[in-house]
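Step one of this worksheet: look at the structure below.
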Amino acid sequence: MAKILVIDDEKAIRNSLKDILEYEKHEVVLAEDGKQGLKLLDENDDFKIALCDIKMPGMDGIEVLEKVIEKGIDIRFIMISGHGTVDTAVGAIKKGAFDFIEKPLDLNRLLITVKNALEVEKLVTETKNLKKRVSKKYQMVGESEALEKIREIVDKVAQTDARILITGDNGTGKELVAHRVHEKSKRSKQPFIEVNCAAIPSELIESELFGHEKGSFTSAHKQRTGKFEQANGGTIFLDEIGDMSLSAQAKVLRALQENKISRVGSDKQIKVDVRVIAATNKNLKEEIESKSFREDLYHRLSVILIHVPSLNERTEDIPLLAEHFMKQITKEHGTAKLKYEKSAIKELQKINWSGNIREFRNVIERLIILCNDTITAKDVKMFAQPIRTK
């Protein structure tokens, strides 16, 4: 089950809690005062719960809690309070304690509180693991000078709210840059909402971005919250913004100017606090000349300009990318990793990657499926291109 620390200056209570929790198959460690309890927490990172008395000589329970929070120790803290310390226990919850149990200890109350704390701890752990998987999914792999420069720019601008325009060919990984900015920003715990402007019909883009009221158009059977509202407090990533209609561009411009939006079919203005990151594979200056893109919107979006180079411009990253996708894809498939011959990597570096990272990943997956234990240069020549039967 779980490893639990009990901190209490009363031996009888320590032993009683130990007996109860061990009967429930938990591992229990005892500390006779706050100082010893804090030392144990410093030395061990596998405690899931701490049961801590508030009134103790020397370092009391509130001081222990404050030190735990200050040190960033990840544990569910349950305070044990006497009749005269209930208000203090409530104050401790406001400071970060999970819950409190009053003396004399009630067995059912104790077990329910411990169970709830463990369920929360499990959810927190699962969320952290999910975030790690998401973070790895959007990892920028490579050590080329071009990629290092992008990382340097991102690190400088992430903590600001400056708008960013990311340019680059299809498949270069513009969304990876957007995710990195969000993860390193002060908005990282808030929503990251992606909108593929090229995939949404022009007649629906305004409803998608700003929402709509019930009955505002034929298929509007109920009120809908738009992406800008969903991203409130966080980041909205407008991918392929060069494909957005002029009418939608006008509304986006207004939203950026006023930090307010209006749902389709409503005059009511809704205040939003959103960081905007946009991306395009088009030359927006040419689009401006052809009257397909608003120049004023371009200048609003392009406070920071980041260009993502094509894979052909950073072939020195191919060995790292090949290994990265090998680990990722074999894990997804549940298969053993294959090895690359040096000549295979060199052959991969010779290919014209018109589809960039997206095409490269597909080729690596194809090689993993079709090759034996080792991928050779011959395999790359055979399978990197469309497979022909004649």
Give the Rg/Rh ratio for the range 16-167, taking Rg as the radius of gyration of the Cα atoms and Rh as the Kirkwood radius, to two decimals. 1.15
Listed residues I205, I270, I318; largest mean-square fluctuation, Gaussian network over the chain with Cα springs below 10 Å, found at I270
Cα-Cα over 25 Å, subset of K174/K227; K48/K337; K122/K227: K48/K337; K122/K227
Among residues other than E194 whose Cβ falls under 9 Å from its Cβ, what is the net charge (Lys/Arg +1, Asp/Glu -1)? -1
Equivalent ellipsoid semi-axes for the range 217-270, as square roots of 5 times the alpha carbon gyration tensor eigenvalues: give them largest first, rounded to whole Å. 18, 15, 13
Between K18 and A336, what is the spin-label point distance in nm, taking each point 7 Å from the Cα along the Cα→C-beta axis? 5.0 nm
Using only DSSP helix segments of four residues or longer, with each worth -39500 (n - 2.57), what per-residue ellipticity at 222 nm results for the chain after dividing by its residue count and rounding to 500? -14000 deg cm²/dmol
Percentage relative contact order, the chain, counting C-alpha pairs under 8 Å, at least six apart: 13 percent
Restricting to Cα pairs under 8 Å and 6 or more apart, the percent relative contact order of the range 312-383 works out to 41 percent
Where both residues lie in the chain, what percent of DSSP beta bridges are antiparallel, nearest 5? 5 percent
Diffusion coefficient, µm² s⁻¹, Stokes-Einstein with Kirkwood Rh over alpha-carbon pairs of the range 312-383 at 10 °C and 1.306 mPa s: 132 µm²/s
Give the aspartates and glutamates reachable from K95 as a straight Cα distance under 13 Å; neighbours fewer than 8 places away on the same chain don't count. E63, E66, E70, D87
Over 24 Å between alpha carbons, listed pairs K18/K55; K3/K184; K260/K282; K186/K260: K3/K184; K260/K282
What GluC sites (Glu not before Pro) does the range 160-244 have in DSSP loop regions with at most 14 other beta carbons within 10 Å? E203
Descending semi-axes in Å of the range 142-289, equivalent ellipsoid built from Cα gyration tensor: 28, 18, 13
Measure off 7 Å from each Cα along the Cα-to-Cβ vector at D106 and E10, then give the distance between these two points in nanometres to one decimal. 1.7 nm
Any aspartates and glutamates with Cα under 19 Å of the K285 Cα? List them, leaving off those in the same chain fewer than 8 positions away. D169, D239, E240, D243, E295, D296
Proximal lysines relative to K339, as straight alpha-carbon distance under 27 Å, when same-chain residues fewer than 8 apart are discounted: K132, K136, K137, K327, K331, K350, K378, K381
Between E119 and R254, 0.36 nm times their residue separation minus their Cα-Cα distance comes to what? 44.1 nm
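Just so you know, all these numbers are worked out from the coordinates, no wet-lab data involved. Being a predicted model, the structure only gives us computed values, none of them experimental. Using ideal geometry, Cβ is built from the backbone for each residue, glycine included, and neighbour counts are taken over all protein chains shown.
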